[in-house]
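Just below is one structure, and these are the notes that go with it.
The values are calculated or read from the model by the stated rules, or taken from the named source; none is laboratory data. Nothing here was measured: the structure is a model prediction, and the numbers come from that model. Here Cβ is always computed from backbone atoms with ideal geometry, including for glycine, and neighbour counts include all displayed protein chains. Just the protein is used for accessible areas: all its heavy atoms, side chains included, with ligands, DNA and RNA removed. Shrake-Rupley method; radii C 1.70, N 1.55, O 1.52, S 1.80 Å.
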Amino acid sequence: MEWIRRTYDVPARHGMRIEYDGKPATISGAGGGYLRFRIDGEKRRTVGHPCYRIVYPAVPEPVRPRGWCKHCMQDRAMTADGVMGRHHWSGRNYSAYGSKRWSEPCPGSGKPPWKPVRNLTHPGEQRTEASR
Ligand SMILES: [Zn+2]
């Protein structure tokens, strides 16, 4: 889902209410670059491209602008100077003895973002009034 948000500049989240082809629907998951959602009143799930005939709800602008960190590729707050704010990144090291979590300041802090976080409501192709 994060990959979809980052790639298509949309606010997609699990459980989000969207409109698909003019019908209300709820996002139920993501996989392989596609969104899975259930149209209200339908039993089967629909799989669709995140930019095809989907309208996302408007997301309020965050108090601080956000960007995708070039280093950890996560959605993080930015400073007034337009660079990535201080943040940590974490992961897990695996060895023959087990695994250990680590967390350290992200090298992307203080650097320009890979791109700003955007929340497009009408990405890509939409059905036009004429084709309804
Ligand atoms: Zn980072």
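Just to verify a result, which residue in the range 15-35, among those that are in a loop (DSSP other than H, G, I, E, B) and within 15 Å of I4 (Cβ to Cβ), is most open to solvent (accessible area, probe 1.4 Å)?
Keep residues of the range 15-35 that are in a loop (DSSP other than H, G, I, E, B), which gives 15-16, 21-22, 32-33.
Filter once more, so that each one left must be within 15 Å of I4 (Cβ to Cβ): 15-16, 32-33.
On the way: G15: 42, M16: 32, G32: 80, G33: 16 Å².
Here the answer is G32.
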For G32, which of the numbered conditions (1) more than 16 Å from the ligand (Cβ to nearest atom); (2) in contact with a Lys or Arg (Cβ under 8 Å, 6 or more places away or on another chain) fails to hold? (2)
Just to be sure, is N93 in contact with a Lys or Arg (Cβ under 9 Å, 6 or more places away or on another chain) and loosely packed, with under 14 Cβ neighbours inside 10 Å? yes
Regarding the range 56-77, can at least one residue be identified that is open to solvent by 90 Å² or more (accessible area, probe 1.4 Å) and β-branched (V, I, T)? yes
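For the subset of the range 36-55 comprising residues that are part of a loop (DSSP other than H, G, I, E, B) and touching a residue at least 12 places away in the same chain (Cβ under 8 Å), which member is least open to solvent (accessible area, probe 1.4 Å)?
Here is the first cut: in the range 36-55, the ones part of a loop (DSSP other than H, G, I, E, B) are 40-45, 49-53.
Subsequent filtering for residues that are touching a residue at least 12 places away in the same chain (Cβ under 8 Å) retains 40, 45, 49-53.
On the way: D40: 73, R45: 121, H49: 60, P50: 0, C51: 23, Y52: 83, R53: 53 Å².
It comes out as P50.
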Looking only at the range 111-118, decide whether some residue is open to solvent by 40 Å² or more (accessible area, probe 1.4 Å), among the basic types (K, R) and within 13 Å of the ligand (Cβ to nearest atom). yes
Given the options G98, G124, G67, name the one that is closer than 23 Å to H14 by Cα, away from the ligand (no atom under 14 Å from the Cβ) and of a type in the set (G, A, S). G124
